[in-house]
Amino acid sequence: MKLTFLGTGTSQGVPVIACDCEVCQSVDFHDKRLRSSVHIEVDGLSLVIDTGPDFRQQMLRERIKRLDAVIFTHEHKDHTAGLDDIRSFNFLQQMDMPVYASTAVITQLKREFSYIFADHKYPGVPLVDVKLLDGKPFTIGQTTITPINVMHFKLPVFGFRIGDFTYITDANYISDEEKKKIKGSKVLVLNALQKTPHISHFTLDEAISLAQELKADQTYFTHISHKLGSHRDVSAQLPENIYLAYDGQQLTL
Ligand SMILES: [Zn+2]
Ligand SMILES: [Zn+2]
Ligand SMILES: [Zn+2]
């Protein structure tokens, strides 16, 4: 399995528009964070988790030439806004794009992308093949994917486990029951927004505690705000086997 972090930034991305802070002014490429998403190559499949506003740029940067499915974590705009750009893959692959999503996400997509779901579609609109996620493990080709129910303040969000890899973005609570599904992962991705408390995201300290509890071989933090600090400064303070992810980072497992 090969993972590529397409984006590791929070909803506004880093740098933030019109922000003069040290992180937003940094020239270090590690401090340039597009909206959070990950690309997974597994068993010959090419998958993305979420299509945020930077989806087009991410597909171009990573030269992704084929996409077999989109899997959504939740309905927030920073995870869905780029769906229109799957059109390129529709044209190239001559197929409707399988889109795996919960009822809540599907409802939101129908509202925000009403033209995709219209009875009489304008020529050239994105074509999707919606697959309902009910929280049970599902398969794409030969690959089994296990949804993990996490909470993002009051909003239910799906994390996903694929083999030894678990991806959890946009959470600030995971029940003991759901933690069991994560245990034994070799690579775990968790959100770590900033150092100060936040209503719907783990802080850096909360993410570190959780990483130490879940004991993956390696844990990477994503969905990072400019308020967290620079990649270099924060990375230097992290415990062993815990890292800040950065855009374009690839992992093989
Ligand atoms: Zn988000
Ligand atoms: Zn800033
Ligand atoms: Zn969110």
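Counting only residues that are open to solvent by 20 Å² or more (accessible area, probe 1.4 Å), more than 20 Å from the chain's Cα centre (by Cα) and of a type in the set (A, V, I, L, M, F, W, C), how many does the stretch 215-253 have?
So the count comes out to 2.
Anything in the stretch 68-91 that is aromatic (Phe, Trp, Tyr) and buried (at least 21 other Cβ atoms within 10 Å of the Cβ)? List them, or say none.
Of the residues in the stretch 68-91, the ones aromatic (Phe, Trp, Tyr) are 72, 89, 91.
Across the stretch 68-91, the qualifying residues are 72, 89.
Give the residues of the stretch 122-172 that are within 23 Å of residue 77 (Cα to Cα), more than 16 Å from ligand 1 (Cβ to nearest atom), open to solvent by 50 Å² or more (accessible area, probe 1.4 Å) and not in a strand (DSSP E or B), sorted by residue number.
127, 134
Test residue 81 against the stated conditions and say whether it is more than 18 Å from residue 223 (Cβ to Cβ) and among the small types (Gly, Ala, Ser).
no
Among the numbered criteria (1) among the hydrophobic types (A, V, I, L, M, F, W, C); (2) under 19 Å from residue 50 (Cα atoms); (3) loosely packed, with under 14 Cβ neighbours inside 10 Å, which one does residue 193 miss?
Every condition holds for residue 193 apart from (3).
Can you find even one residue in the stretch 92-113 that is aliphatic (A, V, I, L, M) and open to solvent by 70 Å² or more (accessible area, probe 1.4 Å)?
At the first step, the residues of the stretch 92-113 found to be aliphatic (A, V, I, L, M) are 92, 95, 97, 99, 101, 104-106, 109.
Restricting the remaining residues to those that are open to solvent by 70 Å² or more (accessible area, probe 1.4 Å) gives 92.
Looking for residues that are aliphatic (A, V, I, L, M) and open to solvent by 70 Å² or more (accessible area, probe 1.4 Å), one finds at least one in the stretch 92-113, hence yes.
Could you tell me whether the stretch 53-62 includes any residue that is at pLDDT 95 or above, farther than 20 Å from residue 9 by Cα and more than 16 Å from ligand 2 (Cβ to nearest atom)? Steps first, answer last, please.
Residues of the stretch 53-62 that are at pLDDT 95 or above, as a first pass: 53-62.
If we keep only those that are farther than 20 Å from residue 9 by Cα too, we end up with none.
Looking through the stretch 53-62, none of the residues is at pLDDT 95 or above, farther than 20 Å from residue 9 by Cα and more than 16 Å from ligand 2 (Cβ to nearest atom).
Is there any pair with a first residue in the stretch 195-208 that is basic (Lys, Arg) and a second that is buried (at least 17 other Cβ atoms within 10 Å of the Cβ) whose Cβ atoms are under 7 Å apart and which are 6 or more apart or on different chains, and what are they?
Filtered contacts from the stretch 195-208: 195/203; 195/204; 195/228.
The values are calculated or read from the model by the stated rules, or taken from the named source; none is laboratory data. Since the model is a prediction, treat every value here as computed from it, not as a measurement. A quick note on method: Cβ atoms are made from the backbone with ideal geometry, for glycine too, and the neighbour counts reach across all protein chains shown. For the accessible areas, the whole protein counts, side chains as well, though only heavy atoms, and no ligand, DNA or RNA atoms are used. Shrake-Rupley method; radii C 1.70, N 1.55, O 1.52, S 1.80 Å.
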